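Engineer: Have a look at this one before I ask anything.
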Amino acid sequence: MRSIKELTYVTDKLIQFSAIYSSPWRFWMGLKLALVFDDLENIEILLQNSKTYEKSFIYNFMKDTLGDGLLTAPASLWKIHRRILDPKFNSKNISCHMESLNKNSKRLINILETRNGENVDIFHYVHLCTLDMIFDSLLESDLNLQNTPDCKLDKYVKDVMNITMERMSKLWLYPNIIFKNSSLGKRLHENLAYINNIKSKIIRKKKKSIEEEKFTSEGNGLYANKVENTSPFLDALFESFYETGEYSEENIRHEMNTFIFAGSDTAAGTLTFLFLILASFPEVQNKVYKELYDMYGSSNQNDDPITYDDTKNMKYLERVIKETLRLFPPAPIVSRKMQKDTKVNDNIVVPKNTALFFSIYTLHRKDKYWTDPLRFNPDRFLPGNYDPKCFIPFGFGKRGCIGKFFAMAQMKTIVASLLRKFTVEIDNQVSVENVSLKLCITLKTAETILLRFIRR
Ligand code: HEM
C-alpha cells in the first residue's frame, strides 16, 4: 500500500482482502512483516495477551504530536500512567462533567437555531462542540470555540491529522530528519506550536491555582485544600507531577494532546455518521425522539438538563450509537508489536517483532458474526441478541479506550439535546453500502455531509 489513495481508502482494501484470504493474512511493509487479524478467536487471545501491550511502528507517525501520551507510550511508561488515569474515567468522575456537556450542547443548539432549515456541514459543528467539551471538562478551559470563529484550533487539529496521514503514505518522508525539513514537517511544527501555546496557558493557570490554594505536602497531602469543580483528569496529572514525579511536564503536555485528539475527533466522526443515519432512516429518528419525549416531554433543556442517569436510561439511543459504531468504527484498525515468538494456536506461531493489525472494521461487518451485516438494525444490540466479544469499537483488553464512558455520555448528550429541539433531514437519503469512507487517522465520510436541522 504505497499511495495516499490506497491508504485513504484502506477500508475498501480490507473488505476486498478479507473476502479472499482467511484471517490472519500477511503482507510486507517494506522489510516489516505484518499480519492482519479479523477473526474473533485470535483477536481475543492476542489483544488480551500481555506480550501485545507494545504498539507497532505505525504509531510512531503520531509521536510528534502525542509523544508518550497513553495512546503511543511504550508499555513500561503506559502501565504507570494508565494506573494513574484509569480511576478518573469511572462513572462518578464522568457524571461531574455533565454540566459542561449540557452547556456546550446548548451552544450547538443556539448556533443551529440561527441556521434553521439550511444545509450545514455537520462534522464542522460537532467537531467544534466535542473540542469545546474536552477543553472545558478535562482541561478546565472554556474556550467556547463554537462562538469564537477567530480561534482556528479545529483547523489546526484537522490539519495535524491530514499531515500525519500524508506522511504515512510517502515512504521518503519516513526518516525524521527528512520529514522535519520538508514543507509538510514545517507545517506540522507550526500547527503544533499553535496548540502548544494554548496548552501552555492552561498549564500556567493550573500551576498558579495550585500555588494559590497552597497545595503543600504537609498535613493531608498536596490536595488537602483542593478547590471544588476542578477536573479530576488535570488534577491527577499535576498531583503526580508534584507528588511522585511519575508525570514530567513534557509527559503532561503529551497527555493533554492525546486527550484533545483522541477525545474530539473520534466522537465527532461517529456523530457525523449517526446524524447521517438519522436523516436517512426517519423511522429510527422517530424512535429516538419518542424515547426522549417519554423522558422529557416538550420541556426545555434549560429547565430540564440531561443528567448522567438520564444518559444511562437512553436505551434505544444507546443501541443506535452502538450500531453506528459497529458499521463505522472510528478506529477501524488497531495495531501492536509482538514482543516474543508466540504460539497463538496449533497452526500459528507469530514471530517476535511482527506487526499485528486487528481489523475492527471487517470483524464488525462479517456475516459469520452478524446476521445481514449491512442492515442498520439497532435492535441487534438488545441483550442476548449478539455476542459482545464481536463488538470492539473501543478496542479490547487493557490497552482499550480509557475514554469510552466519557465518549458515550458526550455523544448521548449531543444527540439528545439536538433531537429534543430539531428534526434532521437530508436531500438524498443514503444506505449503509453507499456511504463512502476514507481513513484520515480515524474513519471519516469521504464527502462532506450536509444536513438540515429543522426546529420542531
Ligand atoms: C466514539 C468515541 C471513541 C472511540 C470509538 C474510541 C476508540 C478507541 C480505541 C479503539 C482505542 C484503542 C487504540 C489502540 O488499541 O491502539 C482507544 C484508545 C484511547 N482512547 Fe478512545 N475512543 C473514543 C473516544 C475517546 C474519548 C472521548 C477519549 C478521551 C476522553 C479517548 C481517549 C483514548 C485514549 C487516551 C486511548 C489510549 C488508551 C491506552 O492506550 O491506554 N477516546 N480509543
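The values are calculated or read from the model by the stated rules, or taken from the named source; none is laboratory data. Values in this document were obtained by computation on a predicted structure and should not be read as measured data. Neighbour counts run over all protein chains shown; Cβ positions are idealised from the backbone, glycine included. Ligands, DNA and RNA are stripped out before the accessible areas are found, and what is left, the full protein with its side chains, is counted by its heavy atoms. Shrake-Rupley method; radii C 1.70, N 1.55, O 1.52, S 1.80 Å.
Engineer: Within region 87-94, does at least one residue satisfy the condition of being assigned to a helix (DSSP H, G or I) and of a type in the set (D, E, K, R)?
Structural biologist: Step one: of region 87-94, the residues assigned to a helix (DSSP H, G or I) are 87-89, 91-94.
The next check asks that each one be of a type in the set (D, E, K, R); those that pass are 88, 92.
Scanning region 87-94, I find at least one residue that is assigned to a helix (DSSP H, G or I) and of a type in the set (D, E, K, R), so the answer is yes.
Engineer: Quick check: anything in region 363-374 under 21 Å from the mean Cα position of the chain (by Cα) and open to solvent by 10 Å² or more (accessible area, probe 1.4 Å)?
Structural biologist: Going through region 363-374, the residues under 21 Å from the mean Cα position of the chain (by Cα) turn out to be 363-365.
With the extra rule that they be open to solvent by 10 Å² or more (accessible area, probe 1.4 Å), the set shrinks to 365.
Yes, the conditions are met somewhere in region 363-374.
Engineer: Quick one: in region 130-179, which of the residues that are among the aromatic types (Phe, Trp, Tyr), more than 22 Å from Arg204 (Cβ to Cβ) and in a helix (DSSP H, G or I) is least open to solvent (accessible area, probe 1.4 Å)?
Structural biologist: My answer is Phe179.
Engineer: Which one of these is loosely packed, with under 15 Cβ neighbours inside 10 Å and away from the ligand (no atom under 11 Å from the Cβ): Lys103, Lys92, Lys51, Lys63?
Structural biologist: Working: Lys103 fails: loosely packed, with under 15 Cβ neighbours inside 10 Å; Lys51 fails: loosely packed, with under 15 Cβ neighbours inside 10 Å; Lys63 fails: loosely packed, with under 15 Cβ neighbours inside 10 Å.
That would be Lys92, the only listed residue that is loosely packed, with under 15 Cβ neighbours inside 10 Å and away from the ligand (no atom under 11 Å from the Cβ).
Engineer: Scan region 78-93 residue by residue and report those that are more than 20 Å from Ala407 (Cβ to Cβ) and free of Cβ contacts under 8 Å to residues at least 60 places away in the same chain.
Structural biologist: Listed by number, the residues that qualify are Lys79, Arg83.
Engineer: Output the residues belonging to region 378-394 that are assigned to a loop (DSSP other than H, G, I, E, B), touching a Phe, Trp or Tyr at 6+ places or on another chain (Cβ under 9 Å) and more than 16 Å from the ligand (Cβ to nearest atom).
Structural biologist: Across region 378-394, the qualifying residues are Tyr386, Asp387.
Engineer: Restricting to strands (runs of 3 or more DSSP E) lying wholly in region 395-446: which have 1 or more residues that are within 13 Å of the ligand (Cβ to nearest atom) and open to solvent by less than 20 Å² (accessible area, probe 1.4 Å)? Steps first, answer last, please.
Structural biologist: Numbers: elements: 422-425, 437-440, 442-445.
Counting at least 1 such residues, we get 442-445.
Engineer: Counting only residues that are out of contact with any helix residue (DSSP H, G or I) (no Cβ under 6 Å at 6 or more places or on another chain) and open to solvent by less than 40 Å² (accessible area, probe 1.4 Å), how many does region 66-76 have? It would help to see each step written out before you state the result.
Structural biologist: Of region 66-76, the ones out of contact with any helix residue (DSSP H, G or I) (no Cβ under 6 Å at 6 or more places or on another chain) are 73-76.
Right, trim to open to solvent by less than 40 Å² (accessible area, probe 1.4 Å) and you get 73, 75.
The qualifying residues number 2.
Engineer: In addition: Would you say Val424 is within 16 Å of Phe376 (Cβ to Cβ) and in contact with a strand residue (DSSP E or B) (Cβ under 8 Å, 6 or more places away or on another chain)?
Structural biologist: Values: within 16 Å of Phe376 (Cβ to Cβ): yes; in contact with a strand residue (DSSP E or B) (Cβ under 8 Å, 6 or more places away or on another chain): yes.
The answer is yes for Val424.
Engineer: Kindly indicate whether any position in region 331-347 is loosely packed, with under 15 Cβ neighbours inside 10 Å and of a type in the set (Asp, Glu). Step through it out loud before you land on a result.
Structural biologist: To start, the set of residues in region 331-347 that are loosely packed, with under 15 Cβ neighbours inside 10 Å comprises 340-341, 343, 345-347.
Okay, now just the ones that are also of a type in the set (Asp, Glu), so 341, 346.
Within region 331-347, one or more residues are loosely packed, with under 15 Cβ neighbours inside 10 Å and of a type in the set (Asp, Glu).
Engineer: Regarding Tyr156, is this residue out of contact with any strand residue (DSSP E or B) (no Cβ under 8 Å at 6 or more places or on another chain), under 16 Å from Gly263 (Cα atoms) and among the hydroxyl-bearing types (Ser, Thr, Tyr)? Before the answer, list the steps.
Structural biologist: On the way: out of contact with any strand residue (DSSP E or B) (no Cβ under 8 Å at 6 or more places or on another chain): yes; under 16 Å from Gly263 (Cα atoms): yes; among the hydroxyl-bearing types (Ser, Thr, Tyr): yes.
Considered against the rule, which asks whether it is out of contact with any strand residue (DSSP E or B) (no Cβ under 8 Å at 6 or more places or on another chain), under 16 Å from Gly263 (Cα atoms) and among the hydroxyl-bearing types (Ser, Thr, Tyr), Tyr156 comes out as yes.
Engineer: Note down all Cβ pairs under 9 Å where the first residue falls in region 290-314 and is over 20 Å from Ser100 (Cα atoms) and of a type in the set (D, E, K, R), the second is assigned to a helix (DSSP H, G or I) and open to solvent by 30 Å² or more (accessible area, probe 1.4 Å), and they're at least six residues apart or on different chains.
Structural biologist: Pairs that qualify, where the first residue is over 20 Å from Ser100 (Cα atoms) and of a type in the set (D, E, K, R) and the partner is assigned to a helix (DSSP H, G or I) and open to solvent by 30 Å² or more (accessible area, probe 1.4 Å), are Glu291/Asn313; Glu291/Lys315.
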